Amino acid sequence: MKYEDFVCMMQTQMKERLGEKVQVQLHQILKNNSVVLDALSISEEGSGIAPTIYLNDFYRSYCEGASVPDIVDRMEALYRKNRVADPFDTTFYADYTKVRQHLACRLISREKNRELLKMVPYRIFLDLAVVVYYYFEDSRLGTGTILVYSSHCKNWGITEEELFAGARENTLNIQPEEFLSMRSVLEKFQGCIKTDAEAETETTLPMYVLTNKSNYFGASSLLFDSVLQDIAGKLKDDFWVLPSSIHECIIVPAEFAMSKEELQEMVREINRSEVAQEDFLSDEIYLYQRKFHKLSL
């Protein structure tokens with residue numbers, strides 16, 4: 001079955017499965033780095049919240065042998081897990097006084113988000129763009145983010161300068177930075193046990209990870225000289241920044257013997273082989289000079 005036929009079938013099947021009181025609409029959603037995903041939004045009267053189910057991964061499962069009934073079962077289960085049956089008030093988002101303490105900055109690729117940047121306020125940072133998002137935590141919805149568009153600023157009656165000033169002030173409070181050794185990161189997320197050879201390599205190739213407490217949009221920590229200066233103090237050296245994704249960066253002390261050309265090739269290789277398209281940040285590398293408090297390409 002072709003992808004287009006699969007998408008139409010999933011919409012029809014979900015409509016039949018959930019009944020007439022539930023609306024199932026098909027949307028194309030523009031994500032980070034110009035990734036466009038097909039999704040079904042499923043809404044019930046009076047809820048105010050419409051769970052979104054992305055179809056691309058389900059089609060991949062179909063191509064790998066999953067049956068249509070099995071996929072529909074999984075989609076229905078996902079919907080019922082995430083639905084909010086009780087009325088949910090979304091009008092708060094129209095009031096800037098209620099959202100401003102929850103606005104924060106994030107970094108994205110400028111080159112890969114040309115179309116998106118026509119619709120959202122942004123500031124240039126190196127080869128990147130700084131945008132603003134709303135961060136929420138809710139007992140029913142869990143945690144999530146909403147990207148701030150230019151239309152939001154207009155509705156709130158604020159300038160872009162006010163938006164970025166508030167978001168910058170909030171960012172480290174909402175998402176405090178975290179600076180970790182590469183070894184501790186690997187042990188934390190992979191439960192790995194290094195061999196003697198690996199341990200020796202780590203000694204000769206000292207690397208660290210800069211992210212935030214949630215490991216989500218953690219590259220935004222680069223925006224703050226207080227964070228960068230603190231890292232330089234701990235390393236007692238200038239350092240290279242390798243942007244491994246929108247969620248974290250790799251930090252390498254400047255005394256490290258590898259050339260900048262080799263470091264850049266490392267970043268590009270990781271981006272090609274390990275980083276999801278939606279999480280890509282940059283192929284460039286940056287140098288922080290603590291004497292000048294300067295991060296540069």
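Structure summary
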item	result
In region 277-297, residue farthest from Met207 (Cα to Cα) [restricted to those that are surrounded by fewer than 12 Cβ atoms within 10 Å (Cβ to Cβ) and among the hydrophobic types (A, V, I, L, M, F, W, C)]	Phe292
Qualifying residue in region 183-200 (condition: modelled with pLDDT of 70 or more, assigned by TED's automatic domain parsing to the domain that holds Ile108, outside any loop (DSSP other than H, G, I, E, B) and out of contact with any strand residue (DSSP E or B) (no Cβ under 6 Å at 6 or more places or on another chain))	no
Count - residues of region 251-280 that are under 23 Å from the mean Cα position of the chain (by Cα), touching a residue at least 40 places away in the same chain (Cβ under 8 Å) and not in a strand (DSSP E or B)	4
Answer residue from region 201-253, given it is exposed (fewer than 15 other Cβ atoms within 10 Å of the Cβ) and of a type in the set (Gly, Ala, Ser) and is farthest from Met182 (Cα to Cα) among those	Ser226
Flag if Asn113 is outside the structural domain of Val241 (by TED's automatic domain parsing) and either buried (at least 18 other Cβ atoms within 10 Å of the Cβ) or modelled with pLDDT under 95 (or both)	yes
Options Val72, Val84, Val24: the member that is surrounded by 12 or more Cβ atoms within 10 Å (Cβ to Cβ) and either closer than 19 Å to Gly144 by Cβ or assigned by TED's automatic domain parsing to the domain that holds Ser109 (or both)	Val84
Meets criteria (touching a helix residue (DSSP H, G or I) at 6+ places or on another chain (Cβ under 7 Å), among the β-branched types (Val, Ile, Thr), modelled with pLDDT of 95 or more and over 10 Å from Leu103 (Cα atoms)) for Ile158	yes
Sole residue being touching a Lys or Arg at 6+ places or on another chain (Cβ under 6 Å), outside any strand (DSSP E or B) and either among the acidic types (Asp, Glu) or within 14 Å of Val209 (Cβ to Cβ) (or both), chosen from Asp283, Asp237	Asp283
Boolean, Ala50 is in a loop (DSSP other than H, G, I, E, B) and either surrounded by 15 or more Cβ atoms within 10 Å (Cβ to Cβ) or in contact with a strand residue (DSSP E or B) (Cβ under 6 Å, 6 or more places away or on another chain) (or both)	yes
Residue within region 220-227 that is among the acidic types (Asp, Glu), modelled with pLDDT under 95 and outside the structural domain of Leu126 (by TED's automatic domain parsing) present	no
Elements of type strands (runs of 3 or more DSSP E) contained in region 88-144, each with 1 or more residues being farther than 28 Å from Leu287 by Cβ	103-109, 128-138
Checking Met119 against (1) over 27 Å from Leu222 (Cα atoms); (2) modelled with pLDDT of 90 or more, the condition it does not meet	(1)
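For (1) within 26 Å of the chain's Cα centre (by Cα); (2) in a loop (DSSP other than H, G, I, E, B); (3) within 25 Å of Met119 (Cα to Cα); (4) not aromatic (Phe, Trp, Tyr), each residue gets a yes or a no:
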site: Asp5; (1), (2), (3), (4): no, no, no, yes
site: Asn33; (1), (2), (3), (4): yes, no, yes, yes
site: Arg60; (1), (2), (3), (4): yes, no, no, yes
site: Ala77; (1), (2), (3), (4): yes, no, no, yes
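The values are calculated or read from the model by the stated rules, or taken from the named source; none is laboratory data. Predicted, not measured: the structure shown is a model, and the values here were computed from it. We place every Cβ from the backbone using ideal geometry, glycine too, and count neighbours over all the protein chains shown.
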